[in-house]
1. Name, by its number, the condition in (1) open to solvent by 60 Å² or more (accessible area, probe 1.4 Å); (2) in contact (Cβ under 8 Å) with a residue 12 or more places away in the chain; (3) more than 24 Å from Phe508 (Cα to Cα) that does not hold for Pro315.
2. Are there helices (runs of 4 or more DSSP H) fully within the range 131-223 with at least 3 residues that are closer than 19 Å to Thr380 by Cα? List them.
3. Of all residues being part of a loop (DSSP other than H, G, I, E, B) and more than 20 Å from Glu515 (Cβ to Cβ) in the range 263-279, which is most open to solvent (accessible area, probe 1.4 Å)? Just the residue, please.
4. Can you run down the residue pairs with Cβ atoms below 9 Å, 6 or more apart or on separate chains, where the first is in the range 134-160 and within 13 Å of Glu498 (Cβ to Cβ) and of a type in the set (Gly, Ala, Ser) and the partner is part of a loop (DSSP other than H, G, I, E, B) and open to solvent by less than 20 Å² (accessible area, probe 1.4 Å)?
5. Identify, from the list Ser309, Ser351, the residue that is in a loop (DSSP other than H, G, I, E, B), within 18 Å of Thr224 (Cβ to Cβ) and touching a Leu at 6+ places or on another chain (Cβ under 6 Å).
6. Answer yes or no: is there a residue in the range 474-487 that is modelled with pLDDT of 95 or more and more than 23 Å from Ser443 (Cα to Cα).
7. Does any residue of the range 425-437 turn out to be open to solvent by less than 60 Å² (accessible area, probe 1.4 Å), among the charged types (D, E, K, R) and touching a residue at least 24 places away in the same chain (Cβ under 8 Å)?
8. Is it the case, given these coordinates, that Thr249 is over 25 Å from the mean Cα position of the chain (by Cα), buried (at least 19 other Cβ atoms within 10 Å of the Cβ) and among the hydroxyl-bearing types (Ser, Thr, Tyr)?
Amino acid sequence: MLISFILVFNLDLKINLENLKTVLYPFSLIQTKLPFIFSDTPLSLSTSMDNRVSRRTEILSNHLLRRTPPPRTSILAPNECLSYSPPELSNQFAFDVREMRRLMDGHNVEDRDWLYSVIVQSKFFNRREHAGRVFVFPDFNQSMEQQREVTMKRIEYLLEKGVFRGWLTGEGPQQELRKLALNEVIGMYDHSLAVKLGVHMFLWGGAIKFLGTKRHHDKWLTSTENYKIKGCFAMSELGHGSNVRGIETVTTYDSNTGEFVINTPCESGQKYWIGGAANHATHTIVFSQLYINGSNQGVHAFIAQIRDSDGNVCPNIRIAECGHKIGLNGVDNGRIWFDNVRVPRENLLNSVADVSPSGEYLSAIKNADQRFAAFLAPLTSGRVTIAVTAVYISKISLAIAIRYALTRRAFSITANGSEVLLLDYPSHQRRLLPLLAKVYAMSFAANELKMIYVKRTPESNKIIHIISSAYKATFTWNNMRTLQECREACGGQGVKTENRVGPFKGEFDVHSTFEGDNNVLMQQISKALFAEYVTCQMKKRPFSGLGLEHMNKPGPVIPSQLSSSILRSSEFQIDLFHLRERDLLKRFVEEVSEYQSHGESRESAFILSYQLAEDLGKAFSERAVLKTFVETESTLPAGLLKNVLGLLRSLYAVICMDEDAAFLRYGYLSTENASAVRKEVPKLCAELRPHALALVSSFGIPDAFLSPIAYDWVDSNSWSSAQH
């Protein structure tokens, strides 16, 4: 009926409005009776029927008569198209970002900038242009084989540029700091490149340097630094990762020929995850149980050749792939089997122990546990570099997410008002700014760790092992959390490979188990603290080292009510962190002792006390980080830079209090004080919000190392950009 009416109406263009209402009435009635189908807001039949019929009649009349409808007022008006506005236009820097950057990087700023420039300007590093800016990042669309080959080509290019000069042949703290700084820049570009280098220089080269003697240094170090040979590090096995003491590879000595004979006795003893082994490595350090005259002398390290100069696998060596991984596909991880592989007696790395030509075992270190600890020394450098790299990757992800949040808007809170910047939402500040405070705190701690490492002495090895283990676990866990939060904070843009944060998750997840499982490391820390506590109690001597000197003083007293000024006091923060650490250490010792009193062995007691061990490891690490932050802050003169660092330090401290249930669980904070802590977090975030851009700019990371959404994300996603 309606269709017929419209056809007639179109012929004479004359209409009686009341007749049209009559025609449309049945359809309006249906809509009125079923408002949930047609409308978001149900209306009663009595009040809505006439209005709806009149409105639809008016619309249809205007359409058929081709009349312009009268303007209607609306609560919502169309917005202008969004455009990008650089955050620098509306965010002033209240402090010297160059000075802050020098404080953050700690050393070799000029060397870092030089290598940044080398990478950005080279065609070997996958330069791409977005919205007029150049960016460099690996092409993860390449196959595993392509990624491996381009990683090797990049190493060759950096070698030509002199990047590796002195990495193994240089001496002294300054030379080591340069190496660490350049390695950090390389890791910021591509984790595969850094790991491939790390295996060759820090693990293979480091083992020769620290476990070998002059004969090894003269023969191997220069050719390693120049990549005349390519080394790898065969410690992990299919059946043994963190438990190095239990590895199954066996080496015996043949005094008739003056050779060691290396064997893989079973499938679980195959060397596994050996970086460089699958394609490129020519030599390896083999960690193996050494048997002399039928007696096991424990784990020792040997040099073995696995390929000739033409890349052919050597006799009695079998090598297989580990396969595709969730990240690090530019590293050729492989598996190695040894079938009666003979190596010269001189290939034993003998700084810790040696074997005479006649087969006599010789070592100045009589204690087997101390010998084993000495053989693990090369792992310390790995933990140091992993911890520091985790901090720099967190910096990149936070710089991207915060810059994006300073230009991306979502929702308006007033009628016809502008949409709100993401970082102006308190919830968004709460997501990102505590992580920013943590990365500042961890940067200062990482710098201190590097200084301890490059100035190490035999007496400081224990301290380096404990602190590097604590920071490696804490910083890598924090990095994975930071990457996830930044990925989500960037919304859909965080999923795009070109925006870096998403791929970082797959690339750096391995850090949690690399060079020691984080949970195992935390338990090792607690064991070391246990041993220190028991020794001091038995010998009635004061605590000295590991930052435990506070144990010599009476326990701090925490105020019954915490005001904002108290919460922001560095003295209060240190006191509360000391209280947590000392109490957890005592509880841990008491719990282990309790298990032992019921017949458990010490090792079994440690295993059963794992919850307290993990709490203690966290308390130790966070206290050490806070202490370093306070010390760094104390070196600065009064001024804006120091004030901003004070806000960051306070946010770091209160977010640790808020996130660790131990403060409530063991009564270090009352429920009222815990509530005060929680309320302080958004206050500090709001005060840091105006400094957010300056704080991420202080990282000193070049534009090219960030991503398109850190800058003009509208233009980089425009149609014209898509045509390139």
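The values are calculated or read from the model by the stated rules, or taken from the named source; none is laboratory data. The model shown is predicted, which means the values in this text are computed figures rather than measured ones. Neighbour counts are summed over all protein chains in view; Cβ atoms, including those assigned to glycine, are modelled from backbone coordinates with ideal geometry. Calculation scope for accessible area: heavy atoms of the full protein, side chains included, ligands and nucleic acids excluded. Shrake-Rupley method; radii C 1.70, N 1.55, O 1.52, S 1.80 Å.
1. (2)
2. Helices (runs of 4 or more DSSP H) meeting the threshold: 173-189, 191-197, 205-211.
3. Pro265
4. So the pair list comes out empty.
5. From the options Ser309, Ser351, the qualifying one is Ser351.
6. Looking for residues that are modelled with pLDDT of 95 or more and more than 23 Å from Ser443 (Cα to Cα), one finds none in the range 474-487, hence no.
7. No, that holds for no residue.
8. Here the answer is yes, as Thr249 does meet what is asked.
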